[in-house]
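Step one of this worksheet: look at the structure below.
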Amino acid sequence: MTQYRVERLQGVIQAELSDIIRTSLKDPRVGFVSVTGVEVSNDLRHAKAFVSVMGDQSEQEETLATLNRAAGFIRSEIGKRIRLRHCPEIIFRLDKSIEHGSNINALLRKLQSGAGKDVQNGQ
C-alpha cells in the first residue's frame with residue numbers, strides 16, 4: 001500500500017476511534033480521552049492508537065487498560081464503519097506529549113522570571 005493511502009487510513013481510523021470512544025463505549029472507567037494519533041503498519045495488520053487522558057496517573061492507567069480490553073469491540077466497530085477487508089489489531093498507548101510540553105513551558109517561564117531577576121540585580 002502506498003504511503004499516501006496508509007496516512008489517509010490513519011486519519012480515518014483516528015476519527016472513527018474518537019467517535020467510537022465518545023459514543024459507543026459506555027464503560028465508566030474510561031475517562032476523558034482524546035485520540036492524538038494513529039500509526040498503522042505498512043501491512044495494515046497492526047495499529048498503535050495514541051491517546052491523551054485527563055486525570056492523574058491511576059486514572060490514566062485504568063482508562064488505558066479499559067481501552068485495551070475493549071480493543072476487540074472497537075476493532076469490529078471500525079471494520080463495520082470503514083469497510084476494511086482486514087481491520088488492524090489496535091493497541092492503545094498513552095501519549096504524554098501534551099504533559100511534556102506543559103512541563104517545558106513551565107520550565108521556560110521559570111527561567112524567564114529568574115533571568116529577569118538576575119538582570120535587575122546586575123548579575
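A short reminder: the numbers here are calculations on the coordinates, not readings from a lab. What you see is a predicted model, and the numbers here were worked out from it, not measured in a lab. Heads up, the Cβs are rebuilt from the backbone with ideal geometry, glycines too, and the neighbour counts pull from every protein chain shown.
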Largest fluctuation, Q57, Q112, Q14 only, Gaussian network model of the chain with Cα springs under 10 angstrom, belongs to Q112
Projected onto their principal axes, the Cα atoms of the chain stretch, largest extent first, over whole-Å spans of 69, 38, 18
Contour minus Cα-Cα span, R109 to E39, at 0.36 nm per residue, comes to 21.9 nm
Helix-only [θ] at 222 nm, the chain, -39500 (n - 2.57) per DSSP H run of 4+, per residue, nearest 500, equals -19000 deg cm²/dmol
With +1 at each Lys and Arg Cβ and -1 at each Asp and Glu Cβ, the charge dipole magnitude of the chain around its Cα centre, to the nearest 20 debye, comes out at 380
Counting Lys and Arg as +1 and Asp and Glu as -1 over every other residue whose Cβ sits under 12 Å from the Cβ of H86, the net charge comes to +2
For R93, the residues 5 or more places away or on another chain with a placed amide H closer than 5 Å to its own amide H are A49, F50, V51
Counting only DSSP loop positions in the range 1-78, the chymotrypsin sites (Phe, Trp or Tyr not before Pro) whose Cβ has at most 16 other Cβ atoms within 10 Å are F32
Once phi for every residue in the range 103-108 is put through the Karplus expression 6.51 cos²θ - 1.76 cosθ + 1.60 (θ = phi - 60°), the whole-Hz ³J(HN,Hα) values, with Gly and Pro written as x, are 5, 5, 4, 5, 5, 5
